[in-house]
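Single-structure report; data block below.
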Amino acid sequence: MTAHLIRDAALFHFARDGYEGASLRAIADEVGIKKPSIYAHFSGKDDLFLQTLAHAFKDVQRRTLEYFRDHADLPLEQRLKGLLIWFEQEYNCNASARFMLRMCYFPPLSLYSEVMDLVYPFLDGMERSLTRMLQRATRKGELQAVPAEQAAITYMTFLDGITVEIIYGSSRRYRRRIEASWPVYWHGIHHLKQEAQPVVLKGDSSS
């Protein structure tokens, strides 16, 4: 139980202060233990950080799947566009989403590889979920036959492009970019040809 309490306190501090700014002493004080007691559960700050970040990714993944499930009856466009709005709300209200997103953009250099080992599986999982959603929508006649994987990757690229406004900008700027860009994306996936193939970038490990 103490390990969970330490991780929960660490989530708040890492989400607010980042890796460098978070203090083990402050985390211990919040839990009501001495700093050395942390080492009974975690080997050090790096271990606590990575375990907390892994938990944050799992939490966001779970909540994202719940979003898809809870909105399954909505038309496809409302589900996809609504996810963009929901994602901003999660960032503002959920420490796991805030911590995860900030570390995607600002991983500590000393733990860059370890953080990316969490980031890429999460993104790949999102793409697979979106691909299946688009495939189901095509079978149900909500979309013309489209290359679902390409449409999913394009959606993730769109999300990545506007998400920076959550960190650097404001809700107003974020929403403005959604409203300006969404019609282009939605129009585009209606005109993708089924025979189109995703572009494989040089150095892509999937090629």
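The values are calculated or read from the model by the stated rules, or taken from the named source; none is laboratory data. What you see is a predicted model, and the numbers here were worked out from it, not measured in a lab. For neighbour counting, all protein chains shown are included, and Cβ atoms are generated from backbone atoms with ideal geometry for every residue, glycine included. Ligands, DNA and RNA are stripped out before the accessible areas are found, and what is left, the full protein with its side chains, is counted by its heavy atoms. Shrake-Rupley method; radii C 1.70, N 1.55, O 1.52, S 1.80 Å.
Put Phe42, Phe12 in order of accessible area, largest first, 1.4 Å probe: what do you get?
Phe12, Phe42
What is the gain in length, in nm to one decimal, between Arg16 and Tyr120 on full extension, counting 0.36 nm per residue of separation less the C-alpha to C-alpha distance?
Details: separation 104, 0.36 × 104 = 37.44 nm, distance 2.29 nm.
Between Arg16 and Tyr120, full extension yields an extra 35.2 nm.
How would segment 1-54 be classified by its alpha-carbon gyration tensor: rounded, prolate or oblate, with rounded meaning a/c under 1.5 and the a/b versus b/c comparison settling the rest? Display every interim value, and only then the final one.
On the way: a/c = 1.44, a/b = 1.24, b/c = 1.16.
Here segment 1-54 falls in the rounded category.
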**Report entry** Cα gyration tensor shape for segment 76-176, rounded if a/c is under 1.5, else prolate or oblate
**Finding:** oblate
Report summary line: For the chain, the longest principal axis of the Cα atoms and the Cα long axis of helix 95-105 enclose an angle in degrees, to the nearest 10, of 70 degrees
Query raised in the report: In degrees, nearest 10, range 0 to 90: what is the angle between the Cα axis of helix 171-189 and the longest Cα principal axis of the chain?
Result: 40 degrees
Report task. Return, for the Cα atoms of segment 18-132, the radius of gyration and Dmax in Å, separated by a comma. Result -> 16.6, 53
Query - Max mean-square fluctuation residue, GNM over the chain, Cα-Cα springs under 10 Å, options Arg172, Arg98, Arg136 - result: Arg172
Requested in this report: State to the nearest 20 debye the size of the charge dipole of the chain about its Cα centre, where the only charges are +1 on K and R beta carbons and -1 on D and E beta carbons.
Outcome: 340 debye
Query raised in the report: Residue farthest toward the positive end of the dipole of segment 14-65, with Cβ of Lys/Arg at +1 and Asp/Glu at -1: which of Ala22, Gly44, Phe57?
Result: Phe57
Query raised in the report: Per residue of the chain, what 222 nm ellipticity follows from adding -39500 (n - 2.57) for every DSSP H run with n ≥ 4, rounded to the nearest 500?
Result: -25000 deg cm²/dmol
Requested in this report: Work out the count of Lys pairs in the chain where the Cα-Cα distance is under 24 Å, with the pair 8 or more places apart or on different chains.
Outcome: 8
**Report entry** Cα centroid separation - segment 1-25 against segment 73-131, whole Å
**Finding:** 20 Å
Report summary line: Per the 1/(1 + (r/R0)^6) rule, R0 = 30 Å and r from the Cβ atoms of Asp47 and His71, FRET efficiency to 0.05 is 0.25
Requested in this report: Roll a 1.4 angstrom probe over the protein heavy atoms and tell me the percent of accessible area of the chain that is carbon or sulfur.
Outcome: 52 percent
**Report entry** More than 21 Å apart - percent of Cα-Cα pairs taken over the chain
**Finding:** 59 percent
Query raised in the report: For the chain, with the dipole built from +1 on Lys and Arg beta-carbon atoms and -1 on Asp and Glu ones, taken about the Cα centre, which of Ala10, Leu123, Tyr155 lies farthest toward the positive end?
Result: Tyr155
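Calculated FRET efficiency, Arg63 and His191, Cβ-Cβ r, R0 35 Å, to nearest 0.05? Working shown, then result.
Values: r = 32 Å, r/R0 = 0.92.
Given R0 = 35 Å and the Cβ-Cβ separation, E is 0.60.
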